[in-house]
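Notes follow the structure.
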Ligand SMILES: Cc1cc2nc3c(=O)[nH]c(=O)nc-3n(C[C@H](O)[C@H](O)[C@H](O)COP(=O)(O)OP(=O)(O)OC[C@H]3O[C@@H](n4cnc5c(N)ncnc54)[C@H](O)[C@@H]3O)c2cc1C
């Protein structure tokens, strides 16, 4: 590998196993044919605000064409009067610029105007988040892809930090085992794929199924979806947002929304159940 150090000097490093954790750029993976550059992605723009009147126990998810076409906007408090306020839109499902929507949210979402009184931005972040689901393989001879580089984040709500940490830990452990065993072949490193799929494969596949479906929602469809969500218990809603899918959750959603049985929503829940009940090994050997 060649890299630049903190002073911009080029350095070369030989390693038995390399972990590409370069995020959205998937720098090594793309150059070694482990996957193409991402084609579908969330384009996010976010302020970290000091907002003294924002209630720290409230978070907002804002959907609809006016503030977040093909995506959603968020207000996530994180202590000490700070709130992250952002918008993410999915490309190429649309070609909108998330930055354009950001300022209008504070100004024009009536529920937020008072809460952001006297607020001021401290940081501004923009970035891209892969929205294609995981790669088919994350390992080859001497190379592993972890975090966003492997498409390991949840496409449900564009959550990647927790999953980058988990997959980085998993990749590090497998790399260490391979070095100890003196075997850094694709066959040995394939343990990483198996472990990751066993732990996350089902939930990430379902998250991606949902992402593709809701990215096309019209405003009317979002109103219907909100009616459905309002009938969920807080813990069901939290479980769904965490992307922690189980038969119990799907049955619970149906029990609270019996009207779904007569709609296309039921067909979708059936597809989810089918995926939930497919063993991880079967999915690996596709
Ligand atoms: C606006 C926005 C808001 C987000 N909010 C949340 C959130 O609230 N919660 C959440 O869970 N996720 C959030 N995400 C997603 C989350 O940021 C990512 O999923 C997560 O950071 C992925 O971690 P990673 O380590 O895989 O990649 P990254 O965090 O992208 O880290 C990759 C690192 O590799 C470096 N790098 C890349 N190429 C090279 C190279 N050639 N040489 C040297 N270094 C290189 C980069 O500079 C970077 O430091 C958000 C994303 C965006 C864009």
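Summary of values
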read-out: Most to least packed among 82-93, 25-36 [average Cβ atoms within 10 Å]; value: 82-93, 25-36
read-out: Rough spin-label spacing in nm, given labels placed 7 Å along Cα→Cβ, for residue 125 and residue 255; value: 3.7 nm
read-out: Mean separation of Cα contacts under 8 Å (6+ apart) over length of region 139-286, as relative contact order %; value: 24 percent
read-out: Segment residue 187-residue 270, extension gain: residue separation times 0.36 nm, minus the distance between their alpha carbons; value: 26.4 nm
read-out: Mean separation of Cα contacts under 8 Å (6+ apart) over length of the chain, as relative contact order %; value: 17 percent
read-out: Convex hull per residue volume in Å³, alpha carbons only, for region 154-263; value: 123 Å³
read-out: Kirkwood Rh, Cα atoms: Rg over Rh of region 217-281; value: 0.97
read-out: Percentage of interatomic Cα-Cα distances in region 66-201 larger than 22 Å; value: 52 percent
read-out: Where Rh is the Kirkwood radius over Cα pairs, Rg/Rh for region 1-59; value: 1.20
read-out: Against the rule of thumb 2.2 N^0.38 Å, how large the Cα Rg of region 1-159 comes out; value: 1.25
read-out: Semi-axis lengths (Å, descending) of the ellipsoid that matches the C-alpha gyration tensor of region 41-130; value: 22, 13, 10
read-out: Extension reserve of the residue 199-residue 242 stretch, reckoned as 0.36 nm per residue once the Cα distance is removed; value: 14.1 nm
read-out: Ranked list, fewest to most other Cβ atoms within 10 Å of each Cβ, for 49, 1; value: 1, 49
read-out: Rg and Dmax [Cα atoms of region 108-165; Å; Rg one decimal, Dmax integer]; value: 17.5, 56
read-out: For the chain, alpha-carbon Rg relative to the globular expectation (2.2 N^0.38 Å, N residues); value: 1.10
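No value in this document is a laboratory result; all are computed from the given coordinates. This structure is a prediction, so every number in the text was calculated from the model and none was measured. Don't worry about glycine lacking a Cβ; one is built from the backbone with ideal geometry, like all the others, and counts go over all protein chains shown.
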